Each structure stands twice: as structure tokens, then as C-alpha cells.
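Report on one structure; see the data block that follows.
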Amino acid sequence: MPFFAPIIEELEKRNYSVVVTARDCFQVQELGDLLHLKYRLIGRHSGKNKIRKLAGLLFRAFQLIPTIIEEKPDLALSVCSRAQLIASTLFRIPTLMIGDYEFATAGGFIHPTWLMCPEVIPNEALRFDPNHILKYPGIKEDIYVPRFVPSAGIRSQLGLSEGDIVVVLRPPASEAHYHNPESDVLFEAVLDFLSAKPDVKAVTLPRNERQAMALKKRWPALFSSGKLRIPEHVVDGLDLIWHSDLVISGGGTMNREAAALGVPVYSVFRGKIGAVDQYLSDRGRLVLLESVQDVKTKIHLARRNRPDALRDSNGAAFGSVMEQIIGVIGGNHPSPYFHGLNRSASVFRKNGTEFSGPELTK
């Protein structure tokens, strides 16, 4: 969800009106409130079952139709929102889908008008018309992380001291279609490894309540001792990462946010490694754990010397993304290589046209 905050702010500065919709899953509603975003809550997550996923997808597309009819948007913008893509296509609304994992951006039998992704993803991996692929420099998190300002107090809020080695954990996305059970094996190995380290405290951010309950049932002693904890309320993910010493995640946005913040990060993701993660790994900004032995030998547990402020950024990613979005809105087809709301969507227009968003997530 933080991804769309600066985009919405910039569009409103340019006199575009914005309407955002969000799906009730993965603490989306709480994050929207935390970021003070105005949104319409439409639909919810349908679980892991493939038949229920398909039924939920079609039902949510149907639920979005009244908003589309009311707002009459000129463009639908999303981070891999298939429901928005279906609903918008039915009404012949141009769509711009943003993605940074080439194995999850396919739209099935319906394709977006435009596809936007980091330039490190090669066109041939996207199976999409190259003339309708838009690229930007860096990674998706470079669009919003540079505006982050650290705040003190999150450690004490979670019952952690400055002397603790704090590890932020994000379990694998077990309900995703690209999930590999090997990720679960590695995540269990990580918890076994951390449990033996006396100075380590782990803050776990489950993807849903079901996953939280499973963790508490599997490792009750770690929770009762305070070694492992789950925040009682939604916290600012960037702030938590910044004040941690390292991050170990099942892949996705949290890994890349840590890399963008300069925090040591390890991935237990065992699905197909995308171009962005390979790019970060090749540059030493992300460590890919591939075996239980890697967990024991590659994870470096140490207190991190946090700088007073985030490193400067030239804003190239944000500037490129904004100019290309504006170009699409205005009908000026941008160059695919112009440099200048885990699944968000928006639709907008200028001078009375709406910018509506069928799906904002963290």
C-alpha cells in the first residue's frame, strides 16, 4: 500500500481526482488507515483453494462494476489486480498493470493495455507486446522508500531493547499460486536456528490470522518466552525494518524494502527466482537461502549500526513512473524506456475525471 501513497499525492497535486478501492485481506484496511488513505473496501481474499480463488476473482470483478459505472474512469491502474483488469476490460477502460515478478504478472485470457515493470526484467520473460511494456530504473520500492522518515520508539512499543538483536520475520506466502513447500521447510529451519541464539528476538509478521494461529500452535514455547512475538496492532513496516538488525522473509515486498533501506536481508523463497531478486542478489543486497545448511552458515546475526537518516536518492524511479502514467492518461504513448493501491489498483482522470483504485495492499 505505501507504493501508491506518493503516486496519489502527486496526481492530486496535478489536479487529478483519485478514488481508491481496497480488498479486505492481509491487513489492507489497517494499513490504509495507518497511511490516512481514503478508500472503498470492496471484496475479500478467497483462500488457497483454486476453485474458490477463481470464484472469488469473478465475484470481486462483479463487485467493482458499480464503482466503475459511478466514476467513469479513464484509466485503471493496479499492481496485479486481476479483478480490476476483468471489470475494466468489460467496460473498455484502458488498464495499466504494474508488476515486478514476471511469474505472477500474467492476466490469463485478458491482458492489460499497458504493463509496467523494472527495467531489469527482460521483455522476453513477460510474454507481452514489447510496444506496450513500460520500464523504470531501479526497483518498485525505490518509488516510495526514499520518502520514508524513521521515527523512534517502535522497539520499546514491541517490548524490545536496544541490546537485542532484532530479526523481522515474514513467513512464506503459502496461499499464493507460486508457493513452493520448500520455503516452509526453510522457514522452520530459520526459527530453529534463531531459537538457539540467546540475544535474538524475532518479530513475526504473518500474512493472515490463519498463519498467525498456525505459528503460535507450532512454536508455543518461543511465544511464551518472548523470543518470538507478533505485533498486536498494525505497525509501519518500513519503520520496523529500519529499527531491526536483519530481515528474513518468504519473498516479496518486505525483502525488497529491506534492500532499499540498506538492511541485511535473507530470502527463503523457493519458487522461481525473478529478475529483480536475482539483480539484488548479484549486487549483494539480498541473500538467497537455498538449503537448511545455508540457514546455518549464511545468516549473520549481529547488531546493525543504523545511520541517522536514509541515504539520499535521485528519485529516478518515481519520476519515470509518474511521467509514464501521465503520458498514458493523456493518450501520449510513452516510450517503453523513458527515464525521467501485493496488489493495488487505481483509476483516474483530470478535470473531473476519476482516478479509482480497485486494490491497495501492503
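The values are calculated or read from the model by the stated rules, or taken from the named source; none is laboratory data. All figures in this text were calculated on a predicted structure; none of them were measured in a lab. Glycine gets a Cβ as well: all are built from the backbone with ideal geometry, and neighbour counts include every protein chain shown. Accessible surface areas use protein heavy atoms only, side chains included; no ligands, DNA or RNA. Shrake-Rupley method; radii C 1.70, N 1.55, O 1.52, S 1.80 Å.
Looking at (1) open to solvent by 20 Å² or more (accessible area, probe 1.4 Å); (2) part of a loop (DSSP other than H, G, I, E, B), which one does LEU160 not meet, given that it meets all the others?
(1)
Can you tell me which of (1) within 19 Å of ARG304 (Cα to Cα); (2) touching a Cys at 6+ places or on another chain (Cβ under 9 Å) is the one VAL168 doesn't meet?
(2)
Residues are listed down the side, and each one gets a yes or a no for (1) farther than 26 Å from VAL276 by Cβ; (2) open to solvent by less than 20 Å² (accessible area, probe 1.4 Å); (3) not β-branched (Val, Ile, Thr):
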site	(1), (2), (3)
ALA104	no, yes, yes
THR113	no, no, no
PRO122	no, no, yes
ASP129	no, no, yes
TYR144	no, yes, yes
PRO150	no, no, yes
ILE154	yes, yes, no
THR204	no, yes, no
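Kindly provide the set of residues from the range 62-74 that are surrounded by fewer than 23 Cβ atoms within 10 Å (Cβ to Cβ) and either of a type outside the set (Lys, Arg) or touching a Cys at 6+ places or on another chain (Cβ under 9 Å) (or both), ordered by number. Step through it out loud before you land on a result.
Going residue by residue through the range 62-74, those that are surrounded by fewer than 23 Cβ atoms within 10 Å (Cβ to Cβ) are 62-63, 65-72, 74.
Correct list: PHE62, GLN63, ILE65, PRO66, THR67, ILE68, ILE69, GLU70, GLU71, ASP74.
Considering each residue of the range 198-213, count those that are over 18 Å from HIS233 (Cβ atoms) and modelled with pLDDT under 90, and give that number.
So the count comes out to 1.
Please name all residue pairs, on different chains or six or more residues apart, with Cβ atoms under 6 Å, provided the first residue is in the range 91-105 and is at pLDDT 90 or above and polar (S, T, N, Q) and the second residue is assigned to a loop (DSSP other than H, G, I, E, B) and surrounded by fewer than 23 Cβ atoms within 10 Å (Cβ to Cβ).
Here the result reads THR95/THR113, each pair linking the range 91-105 to a residue that is assigned to a loop (DSSP other than H, G, I, E, B) and surrounded by fewer than 23 Cβ atoms within 10 Å (Cβ to Cβ).
Just give me the residues in the range 56-103 being aromatic (Phe, Trp, Tyr) and in a loop (DSSP other than H, G, I, E, B), in sequence order. Even if it seems obvious, please write down each step before you answer.
From the range 56-103, those aromatic (Phe, Trp, Tyr) are 59, 62, 91, 101, 103; that's our starting set.
PHE91, TYR101, PHE103 - these are the residues of the range 56-103 that are aromatic (Phe, Trp, Tyr) and in a loop (DSSP other than H, G, I, E, B).
Keeping to the range 9-23, report how many residues are open to solvent by 10 Å² or more (accessible area, probe 1.4 Å) and either over 13 Å from PRO73 (Cβ atoms) or not polar (S, T, N, Q) (or both). Can you show your working first?
Step one: of the range 9-23, the residues open to solvent by 10 Å² or more (accessible area, probe 1.4 Å) are 9-10, 12-19, 23.
In the following step, the residues that additionally are either over 13 Å from PRO73 (Cβ atoms) or not polar (S, T, N, Q) (or both) were identified as 9-10, 12-16, 18-19, 23.
Residues meeting the conditions: 10.
Any residue in the range 130-144 that is in a helix (DSSP H, G or I) sitting within a Cβ distance under 6 Å of a residue that is among the charged types (D, E, K, R)? List the pairs, counting only those 6 or more apart or interchain.
Listed pairs, sorted by first residue: LYS140/ASP100; GLU141/ARG256; GLU141/GLU257.
Can you name the condition, by its number, that LEU77 falls short on among (1) touching an Asp or Glu at 6+ places or on another chain (Cβ under 9 Å); (2) within 28 Å of GLY271 (Cβ to Cβ); (3) open to solvent by less than 40 Å² (accessible area, probe 1.4 Å)?
Result: LEU77 passes all but (1).
Would the range 339-349 turn up any residue that is out of contact with any helix residue (DSSP H, G or I) (no Cβ under 9 Å at 6 or more places or on another chain), of a type outside the set (Asp, Glu) and either surrounded by fewer than 24 Cβ atoms within 10 Å (Cβ to Cβ) or at pLDDT 90 or above (or both)?
Among the residues of the range 339-349, not one is out of contact with any helix residue (DSSP H, G or I) (no Cβ under 9 Å at 6 or more places or on another chain), of a type outside the set (Asp, Glu) and either surrounded by fewer than 24 Cβ atoms within 10 Å (Cβ to Cβ) or at pLDDT 90 or above (or both), which makes the answer no.
Of the residues that sit in the range 257-293 and are open to solvent by 10 Å² or more (accessible area, probe 1.4 Å) and in contact with an Asp or Glu (Cβ under 6 Å, 6 or more places away or on another chain), which one is farthest from SER174 (Cα to Cα)?
GLU257
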